[in-house]
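Asks: One structure follows; several queries about it will come next.
The values are calculated or read from the model by the stated rules, or taken from the named source; none is laboratory data. Note that the structure is predicted; figures quoted are calculated from it, not measured. Reconstructed Cβ throughout: ideal geometry from the backbone, glycine too, with neighbour counts over all protein chains shown. Heavy atoms of the whole protein, side chains included, go into the accessibility calculation; ligands, DNA and RNA do not. Shrake-Rupley method; radii C 1.70, N 1.55, O 1.52, S 1.80 Å.
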Amino acid sequence: MRSNKEIVKEFYEKVFNGWDVSAVDEYMRDDYKQHSPGVAQGKKGFMGFITEFVKKKPHAEIVKILEDEDMVCIFFRCSFADGTVAKVFDMYRLQDGKLAEHWDCTMRVDNMNVENDQFY
């Protein structure tokens, strides 16, 4: 049986890095709750977001994944084909092996002057 952490990692590899939006059904509940203000509720809302998002050719370089029971937090560096780079924390609650709820915090960092080599 896969851990919640493994499920989230597979989701990122297939959907975010593999740009395979058809894989969403495998990983997400229909009643998915979204707490990100830029994305509509439910799986349908996420599909509207991800369909446009993958057109930017994102690549998530995972830095750390933490799991605490049904909660998984993933921290990653997200690069896009146009040179945009962001660092992102996503937190998920899983239920019955699928993504049930999501929170996030994103910061664009491609034009920042970094004074710390431990930035990521």
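Asks: Give the angle, between 0 and 90 degrees and rounded to the nearest 10, that separates the Cα long axis of helix 42-53 from the longest principal axis of the Cα atoms of the chain.
Replies: It is inclined by approximately 30 degrees.
Asks: Do any GluC sites (Glu not before Pro) in the stretch 24-69 lie in a DSSP loop with no more than 15 other beta carbon atoms within 10 Å, and if so, which?
Replies: 69
Asks: Of all accessible surface on the stretch 27-94 at a 1.4 Å probe, what whole percent is carbon and sulfur?
Replies: 55
Asks: If you don't mind, there's one more thing I want to ask. Tell me the Kirkwood hydrodynamic radius of the chain in angstroms, computed as one over the mean inverse distance between distinct C-alpha pairs.
Replies: Kirkwood hydrodynamic radius for the chain: 14.8 Å.
Asks: Could you work out the relative contact order of the stretch 15-120? I mean the mean sequence separation of Cα pairs under 8 Å and 6+ apart, divided by the number of residues, in percent.
Replies: 23
Asks: Work out the length of the dipole vector of the chain about its Cα centre, built from +1 on the beta-carbon of each Lys and Arg and -1 on the beta-carbon of each Asp and Glu, and round it to the nearest 20 debye.
Replies: Dipole magnitude for the chain comes out near 300 debye.
Asks: Give a quick list of chymotrypsin sites (Phe, Trp or Tyr not before Pro) in the stretch 4-57 that DSSP marks as loop, anything other than H, G, I, E or B, with at most 12 other Cβ atoms within 10 Å.
Replies: Answer in residue order: no site qualifies.
Asks: Give the accessible surface of the chain per residue, rounded to a whole number of Å², with probe radius 1.4 Å and ligands, DNA and RNA excluded.
Replies: So the chain comes to 60 Å² accessible per residue, rounded to a whole number.
Asks: Among the listed pairs 14/55; 5/98; 5/56; 9/56; 14/98, give every one whose C-alpha distance is greater than 22 Å.
Replies: Those over the limit are 5/56.
Asks: Are there trypsin sites (Lys or Arg not before Pro) in the stretch 1-76 that DSSP marks as loop and that have at most 13 other Cβ atoms within 10 Å, and which are they?
Replies: 2
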